[in-house]
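Below: the structure, in structure tokens.
The values are calculated or read from the model by the stated rules, or taken from the named source; none is laboratory data. Predicted model only: the values in this text are computed from it and were never measured. All Cβ positions, even for glycine, are placed from backbone atoms using ideal geometry, and neighbour counts span all protein chains on display. The accessibility values were calculated without ligands, DNA or RNA, using every heavy atom of the protein model including side chains. Shrake-Rupley method; radii C 1.70, N 1.55, O 1.52, S 1.80 Å.
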Amino acid sequence: MRLPKTYEAEQYEKDIYKLWERSGAFYANPKSGKEPFVISMPPPNETGTLSIGHALFLTLQDIMIRHARLKGKDALWLPGTDHAALAVNALIEKQLSDEGTDKHQIGRDEFLKRTKEFVGNSRNTMLEQMRAIGASADWSRTRYTLDDSLNRCVNETFIKMYEDGLIYRGYRIVNWDPNLQTTVSDDELVYQEEKSKFYTLKYGPFEIGTARPETKFGDKYVIMHPDDERYAQYKHGDTIDVEWINGPITATVIKDEAVDPKFGTGVMTITPAHSHVDFEIAQRHGLDKEQIIDFHGKLLPIAGEFEGINIAEARPKIVEKLNKKGLLVSIDEEYVHNIALNDRGKGVIEPQIKLQWFVDVNKKIVDWKGKKHSLKEVMQSVIREGDIEIVPKRFEKTYFHWIDSLRDWCISRQIWWGHRIPVWYRIDTDNREETYVGIAPPTDQSEGFHEWQQDPDTLDTWFSSALWTWSTLVDPKLAVDGSLSLEAILKDSRDFQKYHPTDVMETGWDILFFWVARMILATTYVTGEVPFKKVYLHGMIRAEDGKKMSKSRPESIVDPLSVIPKYGADSLRLALIMGVSPGNDQNWGTAKAEANRNFCNKLWNIARYIEASTSELAVGSQPEPKTAADHWVIAKLNEAGESINEAISNFNFSGAYYRMYHLIWDDVADWYIEASKTELNSTVLDHVLETILKLAHPFAPFITETIWQTLHAEDDTLLITAQWPKPVKFDAKKAKQFEQVQKIVREIRQIKTALVKQHGNALFKNSQIVADNEPLIKSLAKLESLVKTEDGRGLKLTQTTEPVWFEVDDEEAKKYLKSLQERSKELKESIKNLEVRLGNPGYAKKAPSNLVNESEAQLRDKRSELKTLTAYIASQKSD
RNA sequence: GGGUUCUUAGCUCAGUUGGCUAGAGCACUUGUUUUACACACAAGGGGUCACAGGUUCGAGUCCUGUAGAACCCACCA
């Protein structure tokens, strides 16, 4: 025997993967003429290693890709990694600070060199890990967000948007992280509840509340709701002299509806430079916006004696001064509010007004379906019009909600790691700044001008990710040719022409806004195409206890790569798919990996059995069904092939998994293989093995290919490039006969178990089915004998219409009587239910006729079973 | 404050246009050294589908409300 007794995944996986890679099975071929099926792999951040969440998305996408390949499509799964600007930058800065240095000391070039080294290592590790999970991606097309070709796309997109007026530079309030010294986007903020003191201060005739007295130095506007009658005497624009922290100031009254009259005293002062809401009020009324806190979190000269002090230290001192001046009215110690943190690094965010680059989401400049739209409108339109479908559908609602409240997107970051902004500045002879937007600065050097300096900032990492589906498909050689326009590059890139738009974007719902929405934004704008036709959103994998896996609880983190040596990559994949449903989170459990390891072993042993039973597996040869079991198993394989295909196409992965699992374990192993021990038909056995290997391949690629290879040592066919099974002809009547056999066998087994009998004999009368399958029933039910008789004796089987008896003595019959009575009770119950249902005039009238027929047939069967049963019970009692 | 999801067997979860006696894995009980597999085989126990109403011939599935849990968005000075 060539196959060992148990499947040891580790022995085969690496070799099998190499076999696939060498064969070229992963390569998509635009010249093939086959219909394309394309998935752009969400590029993982190059921050070290893959997580269990990565393993889930790799598995889901690999299932779709392998399925498409088996269905004869030109399957392209384009892999890659993301430079993850902020995440990586923060990581390197942390390393530097641990070494007692910082980025300014080592300089920009050294910093970038060091970062490149780090991400290079991460990338190699992660690409290897993807292979270990079995990802059948097209590595020849691997891309990286900082590749020259992608960088070109980023620059060209920026320039195009700038020229269209969609990108502008301006002073706006942004989320500033004083720790990392950069801006972050709204989506990158996390909020944390914090209990702090809430101070009520005296501000002239008013009382105002604040949790942040240190920002109040410059407050010279007092705001109230226009309809608030308590303050009707104050008119918009009135000025009042008030005594404030550092002496008297003149306050101006502003009426604005942003004020909630029910909160506090209904009066507030504003700090436009350090609050989004205050900034907006100031914008509306054209008010001054004075900076109070510098970019390192220290107070500016406006704070007078507090200048240069860190805000946290300054607060108690300021409160003390207010108290001394009699301006402190009260302190609420139990005030709970949210503070904004940077998701990366968890630094406290200080809103600041800064000169930054923004994408205008409201300017109607984008050509889409023959009309001018704003970016926002295109994003809404493609979902509303069905150009893109989101699975599950409920996320469309969240998506629209997010777009409704979308503000201009701040895309400049004050970090070094990333795509440098393609903008150049120089000071002219009048000491004014000139701006030039382009990949390289103009070459003219006029007399008296300073040299062109590139903007030191880099772009938000999502700006480059937003281009991912198409920037990865442009021809890298064309992309670096400066003489070509972006349009020309796209037009002449063979891959882009064949593979874009992609078919499915499979990713987590947590980056719906960050990424999915922005891909839609940028791709429709640049290419005039949607980036993908469907979006499938998977849930998060949580720890076994249902909580999030988090770095603060290292024991909660499951490393997918540590699961593989013990259970195998296939078991890991199957465990992740079992019970997965779109948009819903799932818990990781080792029990799942174990259950699927067992399943793999089952599959392995089916192969061992068939290998030992048949001479040579003939690929693609027609099965020649003879017995009832042969016809039955072909029927099962046909049905399963169709429904698994349908389920995968509809993203019902767990449904497809269960179908595959039970076909293999229940139908094939428990019934057909057992039946084949009575009468062996190697043509059908071969067909069974070939079919189940194909059906299971997308889920468990390693073991199925390993078996295929072991059995196909002589030829060089690969399962990965085989054809999805086509239905095979069979005799439906014979297939049905096997179902009767199953009923007979099951009931005999039940009786034997109930009576604790190892052995037994059965009798039958006038039954062609039993006569035809006599040795089979004998073997499956483990009978000593099954003989034809004129008169039945013992227990008559009631669950089949065939006249079959199991031989028992009187004592045993009495013992079994109780089970029969139970059964009779159940029958009566369900007969009653059926009668009520059929007796209901509405049912017969409104329910579909096939359902009514089915119910009637059931009722007939049950009545006949009950009749037999009742008669038998009566005969026993009368003894 | 606005929104979404979840609540089905002891545990973890499927159940996709409403339609067989509500399923799976693990765990549990009983039996089996059956020559592919004890990572197995056979038989079985276990559920008022959170609760209360409604629509319907028919509701785990649709609607309304209640309770509990999780998450997302906004953010109040």
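At 0.692 mPa s and 37 °C, plugging the Kirkwood radius over alpha-carbon pairs of the range A:433-541 into Stokes-Einstein gives what diffusion coefficient in µm²/s? Estimated via Stokes-Einstein, D reaches 199 µm²/s.
Neighbours of A:His662, meaning other residues whose beta-carbon lies under 12 angstrom from its beta-carbon, give a summed charge of -1 when Lys and Arg score +1 and Asp and Glu score -1.
Solvent-accessible surface of chain A, averaged per residue with a 1.4 angstrom probe and all protein chains in place: 45 square angstrom. Both radii are taken from the alpha-carbon atoms of the range A:229-325; with Rh as the Kirkwood radius, Rg/Rh is 0.98. Summarising the overall dimensions of the range A:236-385 from its C-alpha atoms, the Rg and Dmax are 20.7, 67 angstrom.
Amide H to amide H distances under 5 Å link A:Leu786 with A:Ala762, where only residues 5 or more positions off or on other chains count and H is placed in the peptide plane.
Considering every alpha-carbon pair of the range A:778-879, the percent of pairs per 5 Å bin, from zero through the bin containing the longest distance, is 2, 11, 18, 18, 15, 12, 9, 7, 5, 2, 0.
Converting phi to 3J(HN,Hα) with the Karplus coefficients 6.51, -1.76 and 1.60 and the offset θ = phi - 60°, the range A:317-329 yields 5, 5, 4, 4, 5, 4, 4, 4, 7, x, 9, 8, 8 Hz in sequence order, with x at every glycine or proline. Taking amide H as placed 1.01 Å from N in the peptide plane, A:His538 has its amide H under 5 Å from the amide H of A:Thr507, A:Gly508, A:Trp509, A:Gly583, each at least 5 places away in sequence or on another chain. Restricting attention to the range A:556-699, lysine pairs at least eight places apart or on different chains and with alpha-carbon atoms under 30 angstrom apart total 16.
Please report the base-10 log of the normalised intensity I(q)/I(0) for the range A:1-99, using a Debye sum with one equal scatterer per alpha carbon and no solvent, at each q in 0.14, 0.24 (1/Å). Evaluating at q = 0.14, 0.24 Å⁻¹ gives log10 I(q)/I(0) of -0.77, -1.27. Computed from Cα atoms, the angle from the helix A:628-649 axis to the main principal axis of chain A rounds to 10 degrees. In the range A:379-491, the ratio of gyration radius to Kirkwood radius, Rg to Rh, stands at 1.10 when only Cα atoms are counted.
Computed over every Cα-Cα pair of the range A:726-778 and binned at 10 Å starting from 0, the pair-distance distribution P(r) comes out as 20, 46, 24, 9, 2 percent. Could you let me know the centre-to-centre spacing of the range A:785-843 and the range A:86-164, using Cα atoms, in angstrom? Centre-to-centre distance over Cα atoms comes out at 72 Å.
Equivalent ellipsoid of the range A:512-577: semi-axes from √(5λ) of the C-alpha gyration tensor, largest first, are 34, 17, 10 Å. On a per residue basis, the convex hull of the C-alpha atoms belonging to the range A:148-203 measures out at 177 Å³.
A cut-off under 11 angstrom between Cβ atoms defines the neighbours of A:Asp408, and their net charge, with Lys, Arg +1 and Asp, Glu -1, is +2. Taking A:Lys729, A:Lys397, A:Lys832 and ordering them by how much accessible surface each has at a 1.4 Å probe, largest first, produces A:Lys729, A:Lys397, A:Lys832.
For a test of the definition: using alpha carbon positions, the gyration tensor, and the 1.5 limit on a/c, classify the range A:382-431 as rounded, prolate or oblate. It is prolate, given that a/c is not under 1.5 and a/b is the larger ratio. When the pairs A:Lys757/A:Lys828; A:Lys116/A:Lys376; A:Lys262/A:Lys289; A:Lys736/A:Lys788; A:Lys195/A:Lys289; A:Lys736/A:Lys765 are compared against a 30 Å limit on Cα-Cα distance, A:Lys116/A:Lys376 fall above it. Sum -39500 (n - 2.57) across every DSSP H segment of at least 4 residues in chain A, then divide by the residue count to get the 222 nm mean residue ellipticity, nearest 500. So the helix-based figure for chain A works out to -13500 deg cm²/dmol.
Couplings 3J(HN,Hα) of the range A:227-243, computed from phi: 9, 6, 5, 4, 10, 4, 5, 8, 9, 4, x, 4, 10, 9, 8, 10, 8 Hz, in residue order, whole Hz [Karplus 6.51 cos²θ - 1.76 cosθ + 1.60, θ = phi - 60°; x for Gly and Pro].
Largest accessible area first, the residues A:His104, A:His419 order themselves as A:His104, A:His419 under a 1.4 Å probe with ligands, DNA and RNA left out.
The figure for A:Arg230 is an accessible area of roughly 130 square angstrom, using a 1.4 Å probe on the protein chains alone.
Taking the inverse of the mean 1/r over every pair of distinct Cα atoms in the range A:646-689 gives a Kirkwood hydrodynamic radius of 11.6 Å. With the cut-off at 1.5 for a/c, could you classify the range A:20-168 from its C-alpha gyration tensor as rounded, prolate or oblate? Note, shape of the range A:20-168 comes out oblate. Annotation: Cα Rg of chain A relative to the compact-globule expectation 2.2 N^0.38 Å equals 1.27.
Heavy-atom accessible area with a 1.4 Å probe sorts A:Arg141, A:Arg212, largest first, into A:Arg212, A:Arg141. Computed on the Cα trace of the range A:664-743, the radius of gyration divided by the Kirkwood hydrodynamic radius gives Rg/Rh = 1.01. Along its three principal directions, the equivalent ellipsoid of the range A:345-388 from the Cα gyration tensor extends over semi-axes of 32, 16, 6 Å, largest first. For the range A:594-732, rounded, prolate or oblate, judged on the Cα gyration tensor with a ≥ b ≥ c (square roots of eigenvalues), a/c < 1.5 rounded, else prolate if a/b > b/c? Rounded, because the longest to shortest axis ratio a/c is under 1.5. Scattering from the range A:515-647 was approximated by placing one identical point on each alpha carbon and applying the Debye formula without solvent; log10 I(q)/I(0) at 0.17, 0.19, 0.21, 0.22 1/Å stands at -1.07, -1.16, -1.26, -1.30. Would you work out what percent of the accessible area of chain A, with all protein chains in place, is carbon or sulfur (probe 1.4 Å)? With neighbouring chains kept in place, the figure for chain A is 49 percent.
Please report the relative contact order for chain A, taking Cα pairs under 8 Å with a sequence separation of at least 6, and give it as a percent rounded to a whole number. Dividing the mean separation by the residue count of chain A yields 13 percent.
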